[in-house]
Amino acid sequence: MTRPISQQSTPTPAPLRRHSLVEQAIDALRTQIASGAWPVGERIPTEPALVATFGIGRNSLREATRALVHAGLLETRQGDGTYVRATSELAGALRRRASRAELVEIFEVRRGLEIEAARLAAERRSDADLARLEQIAAARATAWEAGHVEAFVAADIALHQAIAAAAGNTMLAELYDDFSDALRAAIHGTLGDATVAAPEDPLHLHDDLLTAIRRGDPIAAQDATAAYLDAMLAALHALVAR
């Protein structure tokens, strides 16, 4: 027999609220990471500071942190704090996969993404996009001439990210951003390991590409991209064959 509505039990809202608080905490942390406020490789603020900043409980914060560690965005180091490992779940997965991948595989994926990004950027770039590219290229040159390898690598990756953004394809830009962590490690390898044949003139490596984007020539842009990446891949294949 069905009980009257007034006598029927109703689900308690507490579990739903608890879940909501954790989700809010996850969103707050993820926003800081995705926005670049907490850069990859940097330590995030302490637990008391985060509780005060976001107005969330310690338990909710800890659950949120564990969730983002599991997703690959954060990394907890015993006795040292919690560090940003990747900017998104996809970036975290790509970074874990790239740590096991051959350098050749990383550059093959890079080739596919960058050729299409270059072609579309030459077709679609705006004046604002071009100004951004010129700004980053200048910073890249300054870093190289000063001998600041870290700054040069960061500017080189930023240049490719800006080209992907200029392509006018949000999914491509987001995918390239997520791939950048693996790309950063690969570029460090080519610059820092004498056994890997790095380009003879890294400073002017992208001159033809930038010229093609300025002129709005998609064929020249994709050809310029393929040329320097094919040269790198050939050198890597030769290394593997030794």
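Here, each number is a calculation from the coordinates, and none is a lab measurement. Keep in mind that this is a model prediction, so the values were computed, not measured. We place every Cβ from the backbone using ideal geometry, glycine too, and count neighbours over all the protein chains shown.
At a glance:
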{"read-out": "Simple spin-label estimate for Arg62 and Ser35 in nanometres, 7 Å along Cα-Cβ", "value": "2.7 nm"}
{"read-out": "Ranking of Asp178, Asp201 by count of other Cβ atoms within 10 Å, fewest first", "value": "Asp201, Asp178"}
{"read-out": "Ala146 versus Arg77: modelled label distance in nm, points set 7 Å from Cα along the beta carbon direction", "value": "2.5 nm"}
{"read-out": "Length added when fully stretched, Arg43-Asp207, from 0.36 nm per residue minus Cα-Cα", "value": "55.4 nm"}
{"read-out": "Taking region 13-85 and dividing mean pair separation by its residue count, relative contact order in percent (alpha carbons under 8 Å, at least six apart)", "value": "36 percent"}
